[in-house]
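The values are calculated or read from the model by the stated rules, or taken from the named source; none is laboratory data. This structure is a prediction, so every number in the text was calculated from the model and none was measured. Methodologically, a virtual Cβ is constructed for each residue, glycine included, from the backbone with ideal geometry; neighbour enumeration extends over all protein chains shown.
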Amino acid sequence: MPSYMFKILLTGDGAVGKTSIRERYMGRGFTGDYLKTIGADFASKSLNIENIDVKMQIFDLAGQDAYVSARKSFFKGGHAAFLVFDVQDPQSLTNLKQWIEDCTNFSNNSIQTFIALGNKADLVETRQVTSGMAVDYLKQMAAKFGITFYYMDTSAKTGLNIDTAFDIMARRLLNKRDHKLPIFEQDGVYEIAPGGGSGNVEKEVAAAVETVAQASNALIGGVLEEGEKNNERIEKLEKTMKKMIKKINLLEKKMDRVVTALRSVMSSSSAEDLEETSEPMEEEEEETAPKSSDFGVPSIPKKK
Ligand SMILES: Nc1nc2c(ncn2[C@@H]2O[C@H](COP(=O)(O)OP(=O)(O)O)[C@@H](O)[C@H]2O)c(=O)[nH]1
Ligand SMILES: [Mg+2]
């Protein structure tokens, strides 16, 4: 007997890969066929997470407008939703706003845990939505709805992050029921909280700046002491600083790209909604990410 049973919805526009994700997770593999889902379908899977039995009921909804009225009943009693978009299709990202609203309204607020999935990440050549664009869009949604999102890319084809997505979902749901399970930080998995939480990029910049500052202080201390033993330490710290500065420059570039990309997404989505909460990212960046020259080390010139 499972200790917990969770009703989890796969939402998102038609053809983003909801059925494929469910089938991949259920272990049936990837079929590669396109069959329009009619209404909803579901499957359940039993998990054991840190000795807690969990049964995941996974509902796979049709994204087609024709089924809007039939769909309403499927939101009832839901605990959580995956918000699936196709990384080749910016519109499927910006439509997530409507999916969030449907989840909230039709479930009478029982759905409070959301994970966004940028699916078809295997299609690198035709990809149009970068992770940075998705993070920034979700930041707007987090601020607007007061919801904390997780976001990661997936591929139903290669299996990328499929198990991870469901594992994190189960952990988040258990933690809302007073468990204290860790959700380990991993590359490409973003936590996007309303207000302060601003995704991994800014967190990484802040952490890198802090490390450089510490290394720089220690270095000055070391130079002043001028002890023989300190030379090794100084060298090590210098290396760390250089590494971190490189990282900061990379992250700065990433942020620039995010801002540019976001502008194009925002111009194609409802500008009014997004403007309300949008923050000038460039200003923030200057505060949190001082130029590497502040530390007396020449910065790597940016490619334009
Ligand atoms: N390359 C690739 N194709 C995918 C992926 N996920 C789904 N597809 C394809 O996209 C189409 C729609 O998938 P489907 O699961 O039916 O989407 P749904 O309407 O959201 O349930 C099908 O042709 C799938 O084979 C993926 O991760 N990578
Ligand atoms: Mg389907």
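Quick notes on this one:
- Flag for THR94 being more than 20 Å from GLN186 (Cα to Cα) and either acidic (Asp, Glu) or under 17 Å from the mean Cα position of the chain (by Cα) (or both): yes
- Matching residues in segment 159-191 - criterion: being on the phi > 0 side of the Ramachandran plot and loosely packed, with under 13 Cβ neighbours inside 10 Å: ASP178
- Sole exception among (1) at pLDDT 95 or above; (2) buried (at least 21 other Cβ atoms within 10 Å of the Cβ) for ASP136, by number: (1)
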